[in-house]
1. Test of understanding: among 210, 144, which residue is exposed (fewer than 15 other Cβ atoms within 10 Å of the Cβ), assigned to a helix (DSSP H, G or I) and not assigned by TED's automatic domain parsing to the domain that holds residue 110?
2. For segment 30-66, give me each residue that is at pLDDT 95 or above, surrounded by fewer than 20 Cβ atoms within 10 Å (Cβ to Cβ) and under 19 Å from residue 98 (Cβ atoms).
3. Considering only segment 91-114, I want to know if a residue exists there that is surrounded by fewer than 13 Cβ atoms within 10 Å (Cβ to Cβ) and not hydrophobic (A, V, I, L, M, F, W, C).
4. Give the number of residues within segment 194-231 that are touching a strand residue (DSSP E or B) at 6+ places or on another chain (Cβ under 9 Å) and in contact (Cβ under 8 Å) with a residue 60 or more places away in the chain.
5. Would you check which residues across segment 184-193 are surrounded by 11 or more Cβ atoms within 10 Å (Cβ to Cβ) and either of a type outside the set (S, T, N, Q) or touching a residue at least 40 places away in the same chain (Cβ under 8 Å) (or both) and list them?
6. So, of the residues in segment 64-93 that are within 15 Å of residue 44 (Cα to Cα) and part of a loop (DSSP other than H, G, I, E, B), which turns out to be farthest from the chain's Cα centre (by Cα)?
7. Any idea which of (1) touching a Leu at 6+ places or on another chain (Cβ under 9 Å); (2) closer than 22 Å to residue 108 by Cα is the one residue 63 doesn't satisfy?
Amino acid sequence: MRRRRLIALVLLVLLVAASVSYTSGYTLDIVDSIGRPQTGYALYNHQGYSLNPVHPVSYNATPLTVVRSDDNGRLTIPAALHAHWPFPLQTPPKLRIQMIYVPRLHNAWARIVQRSPESEAGIWQMTTPSRAMVFDVSDRPEQWQSTLSNLSFFMSSAVRDVDHSRAGLLLQLIGHFRAEYNDFLVRHNDSPRPLPPMPRLFTDEERQAWKAMVDADLSKRPTWGMEIRRLYEGEVSNLVDVEADLKR
């Protein structure tokens, strides 16, 4: 009887050990193109994979969370303990930094996967696994528009997950989004929109259809100001209600 109890206890301990995992903290230093520290925000969560006979299916072990760096550009993500189904039903989750946003540089592009950093030329660059060099994109409306798009997408996800009692940093991001929108219009309101690059491997018929579609779009909204208003004016207006709800 004692032996059976011991075996059951060992199996229980192994099951618990396989169902609990630890993710260490992560520190990132944010600098601009000449190495000056920059204050920034990160939106992150922890993701793992669930067993699936067809293809891996990810799961979120933690909600999308906002963290702000200190004034010296050092951004710290705390360690976390996770409960999940035992392997191989679910893999232990890993840290995923979905976006780094640096308001002064109008740049919200970087997606960093811990221990496997990637870079995008002219936008941001990982100079070491714990140091990100971020570039100012305010003179490039295409990239600045992508900053607005990334902020819009991830803010919407964070609003769904946030604990209203801890919404302070998310409210800051909303304020920055509004500022980005206004600053973009001040700088690029009358700038002409360029012809986008044509996708590769189109047939002649597809090229003609694509060009007709693009020409029609540019004729309706030839300037960046018109396009940015179409994309974000309604969202900027709706954020007033979102802010009021988060502050309750």
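1. Details: 144 fails: exposed (fewer than 15 other Cβ atoms within 10 Å of the Cβ).
Matching residue, one of 210, 144: 210.
2. Selection gives 39 alone.
3. Filtering segment 91-114 down to residues surrounded by fewer than 13 Cβ atoms within 10 Å (Cβ to Cβ) leaves none.
Scanning segment 91-114 turns up no residue that is surrounded by fewer than 13 Cβ atoms within 10 Å (Cβ to Cβ) and not hydrophobic (A, V, I, L, M, F, W, C).
4. Narrowing segment 194-231 to residues touching a strand residue (DSSP E or B) at 6+ places or on another chain (Cβ under 9 Å): 218, 222-224.
With the extra rule that they be in contact (Cβ under 8 Å) with a residue 60 or more places away in the chain, the set shrinks to 224.
So the count comes out to 1.
5. First pass over segment 184-193, keeping only residues surrounded by 11 or more Cβ atoms within 10 Å (Cβ to Cβ): 184-185, 187-193.
Result: 184, 185, 187, 188, 190, 191, 192, 193.
6. 79
7. It is condition (1) that residue 63 fails.
The values are calculated or read from the model by the stated rules, or taken from the named source; none is laboratory data. Since the model is a prediction, treat every value here as computed from it, not as a measurement. Note that each Cβ is placed from the backbone with ideal geometry, even for glycine, and that neighbours are counted across all protein chains shown.
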